[in-house]
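Enquirer: Below is one structure. I have some questions about it.
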Amino acid sequence: MHVLTMEGLMGAGVNAKLVDTPMRAAGAAERRGDTAAMERALGYAGAVADQAEDYQKKAAKGMEKEAEEAKKAEEKRQEELAEKRAEEKKALEERICAADSGELAAAEPVDSLSLSEEGRRLSEGGAFPGAVPPNGERVPLESAGAVSPEAVPAAGGTAFPEPGSSVYTAAGETVPAGRPEGVFSATA
C-alpha cells in the first residue's frame, strides 16, 4: 500500500471520530441554551470535518499513484514475457534451421546408432530376413544371412524362450513366453 494512501485513510478515520466530540458539545450547549458555546463547538466540528476531507483527498491521490505503479509494473512484466517469448521463438527457429541444414550444434544431444558388421552388410545389401523388396520378390532367409529355425536346435539352443519364462515387449511389459503367433515348427 502506498504511503499517501495509508496516511490519508488513517487521518480520515481519526478525524471522523474526532468530529463526534464537538458535535456532542454543541448538542449539550443547545440544550442549555448557550448559543456561543454551541457556535464554538460547531466551528471545531467543521474544522475537524474539513481535515477529514483533506485526508480523504490525500488517500485518493495515494490510491491513484498505487494504481499507476501497479500498471507500470504489469506493463514491465508483460514486456519481459514478450522478450522471453521472442528469444525462445528465435532459439527454436535457429534449432529448426540447423536441423534442416544438418548443422546441429555440438552442445545439443544427438542420437547415435552403431551397426555391427552383419548389420552393415545387410543394410548395404538391402536384404533383411523375410523382407519384401519393392519389386515384390521375397528374399530367402539363407541368402540374407539369417539362421534357419531348423539349425538352432541342432546347435544345442532353442529358437523360442522356455515355457514358463517371460519375454519383454518393446514397451517394457512382460508377457508369458511361448511360441509367437503365426510361427510354425520347422519339423511339423
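The values are calculated or read from the model by the stated rules, or taken from the named source; none is laboratory data. Quick caveat, the model's predicted, so the values are computed rather than measured. All Cβ positions, glycine included, derive from the backbone under ideal geometry; neighbour counts span all protein chains shown. When the accessible area is computed, the model is the full protein with side chains, heavy atoms only, and any ligands, DNA or RNA have been set aside. Shrake-Rupley method; radii C 1.70, N 1.55, O 1.52, S 1.80 Å.
Enquirer: Taking residue 8 as meeting all but one of (1) under 30 Å from residue 67 (Cα atoms); (2) at pLDDT 85 or above; (3) surrounded by fewer than 17 Cβ atoms within 10 Å (Cβ to Cβ), write down the number of the exception.
Expert: Exception for residue 8: condition (3).
Enquirer: I've got another one for you. Got a sec? Which of 33, 27 is out of contact with any helix residue (DSSP H, G or I) (no Cβ under 9 Å at 6 or more places or on another chain) and not hydroxyl-bearing (Ser, Thr, Tyr)?
Expert: Going through 33, 27 in turn, just one is out of contact with any helix residue (DSSP H, G or I) (no Cβ under 9 Å at 6 or more places or on another chain) and not hydroxyl-bearing (Ser, Thr, Tyr): 33.
Enquirer: Next up: Across segment 29-38, what is the total count of residues that are without any contact (Cβ under 8 Å) to a residue 12 or more places away in the chain and either part of a helix (DSSP H, G or I) or among the basic types (Lys, Arg) (or both)?
Expert: So the first thing to find is which residues in segment 29-38 are without any contact (Cβ under 8 Å) to a residue 12 or more places away in the chain, and the list is 30-36.
Checking which are either part of a helix (DSSP H, G or I) or among the basic types (Lys, Arg) (or both) leaves us with 30-32, 35-36.
Within segment 29-38, residues that are without any contact (Cβ under 8 Å) to a residue 12 or more places away in the chain and either part of a helix (DSSP H, G or I) or among the basic types (Lys, Arg) (or both) number 5.
Enquirer: Further question: Tell me which of these residue 19 doesn't satisfy, since it passes every other one: (1) open to solvent by less than 50 Å² (accessible area, probe 1.4 Å); (2) at pLDDT 90 or above.
Expert: In the conditions (1) open to solvent by less than 50 Å² (accessible area, probe 1.4 Å); (2) at pLDDT 90 or above, residue 19 misses (2) alone.
Enquirer: Return yes when residue 73 is under 21 Å from the mean Cα position of the chain (by Cα) and either open to solvent by less than 90 Å² (accessible area, probe 1.4 Å) or under 12 Å from residue 11 (Cβ atoms) (or both) and no when it is not.
Expert: No: the conditions fail for residue 73.
Enquirer: For a quick check of your reading of the model, give me the residue pairs whose first member lies in segment 53-70 and is within 23 Å of residue 16 (Cβ to Cβ), whose second is surrounded by 15 or more Cβ atoms within 10 Å (Cβ to Cβ) and of a type in the set (Val, Ile, Thr), with beta-carbon atoms closer than 7 Å and at least 6 apart or on different chains.
Expert: Matching pairs, first to second residue: 59/5; 62/5; 63/5; 66/5.
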